[in-house]
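Participant: The following block contains the structure, expressed as structure tokens.
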Amino acid sequence: MTRHFARRAGATASVLVAASLLFSACSTAPTPSTSSNAETSGSAPATTSQIVIDTTFDIKTIDPGRAYEPTGEMVLKALYDTLVTFADNDTTTVVPDLATYTANDNNTEFTFTLADGRVFSDGSPVTADDVVFTLTRFQGLKGNGSFLLDGVTISKVDDKTVKLTTASPSPALPAILATPSIGILNSKVVQANGGTTDEKDGAETFLNGTSAGSGPYTLESLDLSSQAVLVKNQAYNGAQKPTYEKVILRNVEAATQKLNVERGESQLALNLSGDQVTSLAEGVELASGPSATVVFLLLNADPSVNELTAKPQFVKAVKEAIDYQGLLEIAGGGAAQATSLVPSVFLGSLPADQALTFDLDAAKADAAAAGATGTTVKLQFPNDIDPTGVNLTTLAERLQSQLAAAGITVELAPAPFATEIDPYRTGKEEIGLWYWNPDYLDPANYLAFGPGQSVGLRAGWTEQANPAIAELVAKGYTTADHDARKALFEQWGKAMNQESPFIPLVQPGFNLAYQPTVTNVSYNPSWLVNVAGLGAA
């Protein structure tokens with residue numbers, strides 16, 4: 001399953017462009033813990049001629065506007081510059097890439113001014129026409145990510161200036177534009193090869209074979225099933241000067257990734273599990289920490305689905321019955337307890353001392369008072385996807401055991417993703433075990449769990465069920481001030497932990513294993529690794 005499962009499952013479409021990783025100095029990208037063994041075994045001398053990166057492909061296309069999978073976005077990040085971006089190791093502060101911007105006081109109008117002299121890989125200048133074409137095409141293709149720019153009006157001011165407007169305050173609009181799939185296209189080249197701004201567009205085949213961007217790399221070759229090869233863009237004149245002449249991304253199973261990086265046959269492995277990294281060979285470095293994925297339970301609040309799960313006291317009992325630290329044994333290296341539905345990489349996440357806690361005696365009392373004795377509830381989940389290495393079947397079995405200790409009987413009801421996605425989307429699961437990956441890098445994405453919102457309704461939780469939290473949701477989409485926004489999302493997280501039918505469980509870990517000849521290895525929830533930012537020792 002890809003990073004963007006939430007999108008496939010119908011994530012919130014009411015984005016209000018309250019998007020990406022907003023302007024915070026308090027919530028940063030996870031600073032990975034790093035480790036290595038004392039002596040190098042199998043590592044090659046540092047070289048900048050090429051770097052080999054092993055990953056598990058989920059690429060379906062590298063046409064910006066259509067691509068929306070992790071590997072695809074990693075490739076797009078290297079090939080296409082965006083209007084703005086984020087620095088490595090920082091998921092909080094929007095910085096200029098192709099443009100700088102200003103916003104009006106109520107954050108409904110954003111003016112982007114292109115930097116002087118920036119050019120595409122063919123040497124032609126990046127202009128406002130290219131920006132307008134790219135953003136309009138992104139909307140018009142109606143692809144997986146098109147909802148990110150719903151409600152945005154795009155207009156050219158002059159050759160270097162573009163204005164974006166929204167009907168509602170959208171303070172995070174500049175940040176959402178850092179998404180690699182909104183990388184700016186050379187409009188003349190794309191139009192000459194079938195590109196349009198609607199669903200009649202025919203440029204995908206061309207863009208899967210030839211890049212048309214201004215990024216630090218260009219595409220040499222692509223096989224969607226096996227390998228992507230990127231080479232330095234000789235015309236690149238941006239700030240991110242790449243170290244390696246060539247980047248080879250290979251589609252490799254995790255077990256082989258481990259062997260390859262240990263032997264020095266690759267320099268970086270992106271998909272090792274928490275268990276695998278416990279036995280890395282000497283000399284292999286490791287960057288590890290909590291990812292932006294949140295594994296959660298939902299208990300259906302609709303009594304027509306299940307009367308017991310709809311009782312607040314039963315929900316409270318389940319929250320108390322879970323040994324959250326015990327779940328980390330399953331999650332493996334880099335994982336952490338999810339302190340709220342907003343993961344720790346984002347503004348407004350809760351500190352560890354405000355997470356839900358295990359209290360077996362309280363759970364027994366609340367379960368009995370709610371009438372759980374003698375009742376069996378179904379725990380439903382997809383059994384053929386493992387978010388970031390966490391096996392949902394193993395996790396469900398552990399939860400079943402923990403709940404049984406509190407007098408709560410759970411019947412496991414696993415099913416293939418293709419089967420289980422429908423009862424999840426339609427709000428028919430009694431208890432559901434799922435996970436959420438950010439559609440965009442901002443806590444506003446998680447407001448979808450609120451009452452009356454898209455995911456809230458999957459738990460049968462209507463706006464009328466909790467008007468106070470519904471009001472926090474509305475404020476969350478539009479509040480711009482940094483301090484006010486931080487306080488608001490913390491308030492929302494606490495209220496959700498106490499009153500919602502959702503239970504955040506685990507943030508699975510990311511584990512990046514690499515040869516010591518590689519430097520500046522850092523994780524990003526959107527593009528995984530910025531290959532242009534990798535250095536050589």
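The values are calculated or read from the model by the stated rules, or taken from the named source; none is laboratory data. Everything numeric here is computed off the predicted structure, so don't read it as measured data. No Cβ is skipped: glycine too gets one built from the backbone with ideal geometry, and neighbour counts run over all protein chains shown. The protein model used for the area step is the full one, side chains on, heavy atoms only, and it has no ligands, DNA or RNA in it. Shrake-Rupley method; radii C 1.70, N 1.55, O 1.52, S 1.80 Å.
Participant: Amide H to amide H, which residues 5 or more places from SER266 or on other chains are under 5 Å from it, using H placed in the peptide plane?
Facilitator: Those qualifying (amide H under 5 Å, at least 5 residues apart or on another chain) are VAL261.
Participant: Continuing with this model, one more query. Run down the lysines and flag those whose C-alpha is under 25 Å from the C-alpha of LYS316, throwing out any fewer than 8 positions away in its chain.
Facilitator: In chain and number order, the partners are LYS364, LYS378, LYS428, LYS494.
Participant: Output wanted: per-residue J couplings in Hz (rounded whole) for the range 218-223, from phi through Karplus 6.51 cos²θ - 1.76 cosθ + 1.60, θ = phi - 60°, x for Gly and Pro.
Facilitator: Per-residue couplings from phi come out as 10, 8, 8, 7, 8, 10 Hz.
Participant: Sorting check: for 368-375, 521-528, which peptide has the highest mean count of neighbouring beta carbons within 10 Å, and how do the rest follow?
Facilitator: Values: 368-375: 15.1, 521-528: 24.0.
Ranking the peptides 368-375, 521-528 by packing returns 521-528, 368-375.
Participant: Can you give me the accessible area per residue for the chain, using a 1.4 Å probe, in Å²?
Facilitator: Numbers: 18840 Å² over 537 residues.
Averaged over the residues of the chain, the accessible area is 35 Å².
Participant: Leaving out ligands, DNA and RNA, and with a 1.4 Å probe, what % of the accessible surface on the chain is carbon or sulfur? Walk me through the numbers on the way to the answer.
Facilitator: Numbers: 9110 of 18840 Å².
The nonpolar share, carbon plus sulfur, comes to 48 percent.
Participant: Right, next: Just how far, in whole angstrom, is the range 200-265 from the range 422-485 if you go by their alpha carbon centroids?
Facilitator: So the separation of the two Cα centres works out to 36 Å.
Participant: Kindly write out, for the range 184-200 in residue order, the coupling ³J(HN,Hα) from the Karplus curve 6.51 cos²θ - 1.76 cosθ + 1.60 (θ = phi - 60°), rounded to whole Hz, with x marking Gly and Pro.
Facilitator: With coefficients 6.51, -1.76 and 1.60, one gets 7, 8, 6, 5, 5, 5, 5, 5, 5, 10, x, x, 9, 9, 9, 6, 7 Hz.
Participant: Collect residues whose amide H, placed 1.01 Å from N in the peptide plane, falls under 5 Å from the amide H of GLN227; neighbours closer than 5 in sequence don't count.
Facilitator: ASN251
Participant: Further question on the same structure: Please give the helix 482-499 orientation as an angle from the longest Cα principal axis of the chain, in degrees from 0 to 90, rounded to the nearest 10.
Facilitator: 30
Participant: First measure r as the distance between the Cβ atoms of THR394 and ASP158, then evaluate 1/(1 + (r/R0)^6) with R0 = 41 Å and state the FRET efficiency to the nearest 0.05. Write out the running numbers ahead of the final one.
Facilitator: On the way: r = 58 Å, r/R0 = 1.42.
Computed FRET efficiency for THR394 and ASP158 comes out at 0.10.
Participant: Tell me which of PRO64, GLY456, LEU505 sits at the most positive position along the dipole axis of the chain, charges placed on C-beta atoms (Lys, Arg +1; Asp, Glu -1).
Facilitator: So the residue furthest toward the plus end is PRO64.
Participant: Roughly speaking, what is the stretch gain from LYS246 to THR375, that is 0.36 nm per residue apart minus the C-alpha to C-alpha distance, in nm to one decimal?
Facilitator: Values: separation 129, 0.36 × 129 = 46.44 nm, distance 6.04 nm.
Gain on extension, LYS246 to THR375, equals 40.4 nm.
Participant: Next question, about the same structure. Straight-line reach from LYS246: which lysines have Cα under 30 Å away, leaving out those fewer than 8 places along the same chain?
Facilitator: LYS60, LYS77, LYS188, LYS232, LYS258
Participant: Could you compute the net charge surrounding LYS319? Neighbours are other residues with a C-beta less than 11 Å from the C-beta of LYS319; K and R count +1, D and E count -1.
Facilitator: On the way: positive: LYS316; negative: GLU320, ASP359, ASP366, GLU499.
Surrounding charge for LYS319 is -3.
Participant: How large is ³J(HN,Hα) for each residue in the range 305-317, as worked out from phi by the Karplus curve 6.51 cos²θ - 1.76 cosθ + 1.60 (θ = phi - 60°), to whole Hz, x for Gly and Pro?
Facilitator: So the Karplus estimates, Gly and Pro as x, are 8, 7, 5, 6, 5, 7, 8, x, 5, 5, 4, 4, 4 Hz.
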